[in-house]
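Below you'll find the structure, written out as structure tokens, and then a few comments.
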2 protein chains.
Amino acid sequence: MTSAREVAQRAGVSVSTVSRALQSPERVSAVTRERVVRAARELGYRPDPVAQGLRLGRTRALGLLVPDFENPFFASVTKGVQARARAAGYAVFVADSDEDGVAEPDLVAGLAERVDGLVLASPRSTDRVVLGAVGDVPTVLVSREMPGLPSVSADDGDGMAQALGHLHALGHRRVAVATGPESSWSGARRLAGAAQAAERFGVEVVELGSFAPHFSGGLVVADHVVASGASALVAFNDLMALGVLDRLAARGVRVPQDVSVVGFDDVGVATLVSPALTTVRQPLARLGRTAVDLLLARVEGTSAEPTGRPQDEVVRLPVELVSRASTGVVREAGLPVPGASEVHS
Amino acid sequence: MTSAREVAQRAGVSVSTVSRALQSPERVSAVTRERVVRAARELGYRPDPVAQGLRLGRTRALGLLVPDFENPFFASVTKGVQARARAAGYAVFVADSDEDGVAEPDLVAGLAERVDGLVLASPRSTDRVVLGAVGDVPTVLVSREMPGLPSVSADDGDGMAQALGHLHALGHRRVAVATGPESSWSGARRLAGAAQAAERFGVEVVELGSFAPHFSGGLVVADHVVASGASALVAFNDLMALGVLDRLAARGVRVPQDVSVVGFDDVGVATLVSPALTTVRQPLARLGRTAVDLLLARVEGTSAEPTGRPQDEVVRLPVELVSRASTGVVREAGLPVPGASEVHS
DNA sequence: ATGAAAGCGCTAACAG
DNA sequence: CTGTTAGCGCTTTCAT
């Protein structure tokens, strides 16, 4: 690592001039600036970001916390955060809580002391714990809203409404809904959306409860669906829906003839299974990018916006129901008219 | 952020005593240590890692570069790196090159100046470029070997041998192999392994060429397989294999009756498709964990090992062929005996 | 326009 | 055992 002193020596100037020539070129004569720049280039000099960070109090680093990298939803969010941060000249620290809410405060605190801003994706802790852990570090939430913190999430309630509307139009009148982690904010939002939409469309919603947001959780959910007598299911996410599909097939329950299945997220695998999964598409990478935009607005001085945005801005990105075979029209059998509506109601 | 000075004041000692009491408790009297520790706890003091980094020349941060977070292979590696680094008290910077080898040197350089060590997963650049970019920062490679740098990768050659052995045992005599990015080191290794195994088993290997390591690449590969007259395919990775499966199904080519398909990696989705994918399982998270172990041995002083390990240690983790339906025995039809062997050879 | 000096928060060498 | 001093690499007054 070459330091500013070596550059100064080579250019025959002082270290402060080196700093100035590089940071505020206009405050230095053209000729010395040229000399400094050349010396710097020849030595491959790059100011040490750690030292800069110490002096300026800004590290030009952002922190990202996710519950699980192996969940494609968060992989995409990570990608989005990463891309936008880099474009703005920020490095990104990451931490994976392994879906363990208890570990979150420590992880957040560990990140917080090294970064200028924090992105927390679907934190599982309570509002109070999250607020305590971030302290006074600028923070943006993803897929979670909470008073006092800006956030960007998909419109979960609307997504659920679209899903139920779709199922209703296909003739379903009794629909099961499986939730993810108890502590999932978006899960709660969807349940609320489901209740509203249920009334609007006149469908009965059966809450199956809370399950692991993975393939394995779906295996369990599938049996509940069958037992519930519902003719359709909306799963917490695509991974869970895939587990449902698998178990249903194993039990000889046909999809969509006997039961229709809707996922959430539209991660890549949704199209790779058979039948392809109908799902509520979230703008995955955009969640991450938007979060960084919000964060940098705060980190780099609120003065950018003349009128000043509200302290905790809440962004809701639109979602889109993507209809595929798992709720589709079955050629040979015609529209799957659920027998459930005859049995119940 | 509370600083050491405030703790010192509250405890009635000097800042150096605060530092000592926390870093080397035995060099401080029991009573003052107690006072300092209590003051620190009361103020919620945590030494600023940035300042520590500047002073000590160690940031207690590691850098990780991957070609694509959304590729589940790298998501798992990231998870492994993350977990091990955290356990050792290191934070992790990440960067995603988007499979763009040209961007790599800049990304690596950007990471290098902030970290104590680097993990480079499947870097796409040439040896010279990689070595230049890392400079003198301790570095470990994942899924890539190169003179001068330690590395941990799966035994790709053996994996390919297991795949071909399996296919040979099932009666296949003409097997297509599709590679990933030209610059992929493991792809080259597998081709080499294929050549060896081909001779050993007496199977003919048809090299289809280089394709995108995604689902979309597989769609293209499928047509090549059919055109090649091979009765089986080994794809570069599971994602590609899934694309092949999809396209084959669309063309009415049955798997495994008409063509058998083998993937690589055993990422989660391999079991979610129908037919389930036979694949060469890599110890994904372990790749990441082992890389960090190697790295920390270097970063924290080679003296840990009495005799001193070789400067560039090369670790090859074993792989395991997992046989599933995509090469499986077909109940109704018996063993899929490829017609290819009658047509050719 | 430039250099000297101060200091970000911390730790290590050196006295005492 | 503890306080004082110095300095990591950088930016920023403050003089000149």
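Bear in mind these aren't lab numbers, they're just calculated from the coordinates by the rules spelled out. These numbers were taken from a predicted model, which means no experiment stands behind them. When we count neighbours, we look across all protein chains shown, and the Cβ atoms used for this are built from the backbone with ideal geometry, even at glycine.
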Once the dipole of region A:52-211 is set up from charges on Cβ (+1 Lys and Arg, -1 Asp and Glu), the residue from the list A:83, A:93, A:157 lying farthest towards its positive end is A:83
Could I have the simple spin-label model distance between residue A:24 and residue A:38, label points 7 Å from Cα toward Cβ, reported in nm to one decimal? 2.6
Point-charge dipole on Cβ atoms (K/R +1, D/E -1) for region B:72-137, about Cα centre, debye to 20: 380
Compare the peptides B:2-14, A:145-157 by average per-residue count of other Cβ atoms within 10 angstrom and give them in order, highest first. A:145-157, B:2-14
If you place +1 on the Cβ of every Lys and Arg, -1 on the Cβ of every Asp and Glu, and leave all else neutral, what size is the dipole of chain A about its Cα centre, to the nearest 20 Debye? 1540
For an R0 of 22 angstrom, estimate the FRET efficiency from the Cβ-Cβ distance between residue A:223 and residue A:182 and round to the nearest 0.05. 0.65
Amide hydrogen neighbours beyond the local backbone of residue A:280, cut-off 5 Å, H modeled: A:263, A:264, A:265, A:266, A:322
Could you give, in nm with one decimal, how far residue B:9 is from each other copy of that position, shortest first, with labels 7 Å out from Cα toward Cβ? 4.0
Quantify how strongly other chains surround peptide B:272-284 by giving the mean number of their Cβ atoms within 10 Å of each of its Cβ atoms. 2
Max mean-square fluctuation residue, GNM over chain A, Cα-Cα springs under 10 Å, options A:48, A:258, A:100: A:48
If you take the C-alpha gyration tensor of the protein assembly as shown, multiply each eigenvalue by 5 and take the square root, what semi-axes do you get, largest first, in whole Å? 47, 36, 22
For chain B, Kirkwood radius (reciprocal of mean inverse C-alpha pair distance, Å): 22.5
Computed [θ] at 222 nm, helices only, for the protein assembly as shown once each DSSP H run of length n ≥ 4 contributes -39500 (n - 2.57): -13500 deg cm²/dmol
Report the local net charge at residue A:292: Lys and Arg +1, Asp and Glu -1, summed over other residues whose C-beta lies under 12 Å from its C-beta. +3
According to the Kirkwood expression over distinct Cα-Cα pairs, how big is the hydrodynamic radius of region B:32-147, in Å? 15.6
Can you pull the mean other chain C-beta count within 10 Å for peptide A:139-151? 0
What is the mean number of Cβ atoms from other protein chains located within 10 Å of the Cβ atom of each residue in peptide B:101-109, rounded to a whole number? 1
In region B:1-62, with Lys and Arg counted as +1 and Asp and Glu as -1 at Cβ, which of these residues, B:51, B:13, B:40, has the Cα nearest the positive end of the dipole, that is, farthest along it? B:51
Could you go through region A:254-262 in sequence order and give the Karplus-derived ³J(HN,Hα) for each residue, using 6.51 cos²θ - 1.76 cosθ + 1.60 with θ = phi - 60°, rounded to whole Hz, and x for Gly and Pro? 8, 10, x, 4, 8, 9, 9, 10, 10
So between residue B:254 and residue B:300, what do we pick up on full extension, going 0.36 nm a residue minus the alpha carbon distance? 11.1 nm
For residue A:154, the residues 5 or more places away or on another chain with a placed amide H closer than 5 Å to its own amide H are A:143, A:317
Choice from B:43, B:272, B:111 with maximal GNM fluctuation in chain B (Cα, 10 Å cutoff): B:43
For region B:1-75, place one equal point scatterer on every Cα, skip the solvent, and apply the Debye formula. What is log10 of I(q)/I(0) at q = 0.12, 0.20 Å⁻¹? -0.45, -0.82
Alpha-carbon spread of region B:115-192, three principal axes, descending order, Å: 51, 19, 18
